[in-house]
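Only one structure is covered here, and it is reproduced in the block below.
The values are calculated or read from the model by the stated rules, or taken from the named source; none is laboratory data. As the structure is a prediction and not an experimental result, all values here were calculated from the model. Positions of Cβ are backbone-derived with ideal geometry, glycine not excepted, and every protein chain shown enters the neighbour counts.
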Amino acid sequence: MPMLIRFEGGQARAAADPYQALDDADPLPVAGDVVVSLARLLTEGAALAARSGRLGVRLGPAEDVLALKPFAGRLDLIALELPKFRDGRAYSQARLARERLGFTGELRAVGEALVEQALILVRCGFDAVTPADGSAPEAWAAATRRYRHVYQRAADARDPASAERLRAPKVGQGA
């Protein structure tokens, strides 16, 4: 079972994964937390919504996150696949889920997620990751704090450097 790391309050901690990943051919359990494909969600949405337990969906990089709109209020987890280090489509999917769908549940990066991506993952709205490189939560926490300043607003709500400059005391006006 891959390690799950959750980002909370500027920290990263190892966590148990309560979700069971189901293939499209797997029988649907009566209860329990499950993650299904987008195709299965679209075809079995009513049955999935009627069962007890939390519901998650896994999207590949070419799948449209906006297809989740009818289910956004029922989903507890959206797992976005990072197939390669250089493939950034999951970042866009995460921003769309947070900004256009108003998704407030867990956004999880799965696949080839590497510690070098930690800061951009958090800035795009991810709150969990299954690291591909086996790195420790401490390494992920350090990577999210690597740079003090950011230059634009993002899902993590950090103030950009320009806002920090506006709040700083002016020269000659006291410290």
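Looking at (1) in contact with a Ser or Thr (Cβ under 7 Å, 6 or more places away or on another chain); (2) free of Cβ contacts under 8 Å to residues at least 12 places away in the same chain, which is the one condition that is false for residue 73? Going through (1) in contact with a Ser or Thr (Cβ under 7 Å, 6 or more places away or on another chain); (2) free of Cβ contacts under 8 Å to residues at least 12 places away in the same chain one by one, residue 73 breaks only (1). Taken as a whole, the condition of being modelled with pLDDT under 90, farther than 30 Å from residue 134 by Cβ and surrounded by 13 or more Cβ atoms within 10 Å (Cβ to Cβ) does not apply to residue 67. Residues of the range 116-138 being in a helix (DSSP H, G or I) and within 14 Å of the chain's Cα centre (by Cα), which ones? Passing the criteria: 117, 118, 119, 120, 121, 122, 123, 124. Within the range 80-115, the set of residues being in a strand (DSSP E or B) and of a type in the set (A, V, I, L, M) comprises 80, 82, 107, 109, 110, 113.
Name the residue, out of 33, 87, 76, 17, that is modelled with pLDDT under 90, within 27 Å of residue 135 (Cα to Cα) and of a type outside the set (Phe, Trp, Tyr). Of 33, 87, 76, 17, the one residue that is modelled with pLDDT under 90, within 27 Å of residue 135 (Cα to Cα) and of a type outside the set (Phe, Trp, Tyr) is 87.
Pick from the range 88-136 the residues that are among the β-branched types (Val, Ile, Thr) and out of contact with any Leu (no Cβ under 8 Å at 6 or more places or on another chain): which of them is farthest from residue 13 (Cα to Cα)? Per the criteria, the residue is 104.
Conditions tested, residue by residue: (1) among the acidic types (Asp, Glu); (2) within 21 Å of residue 120 (Cα to Cα); (3) touching a helix residue (DSSP H, G or I) at 6+ places or on another chain (Cβ under 9 Å).
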position: 5; (1), (2), (3): no, yes, yes
position: 33; (1), (2), (3): yes, no, no
position: 38; (1), (2), (3): no, no, yes
position: 44; (1), (2), (3): yes, no, no
position: 53; (1), (2), (3): no, no, no
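Does residue 37 satisfy being exposed (fewer than 13 other Cβ atoms within 10 Å of the Cβ) and not charged (D, E, K, R)? In short, no.
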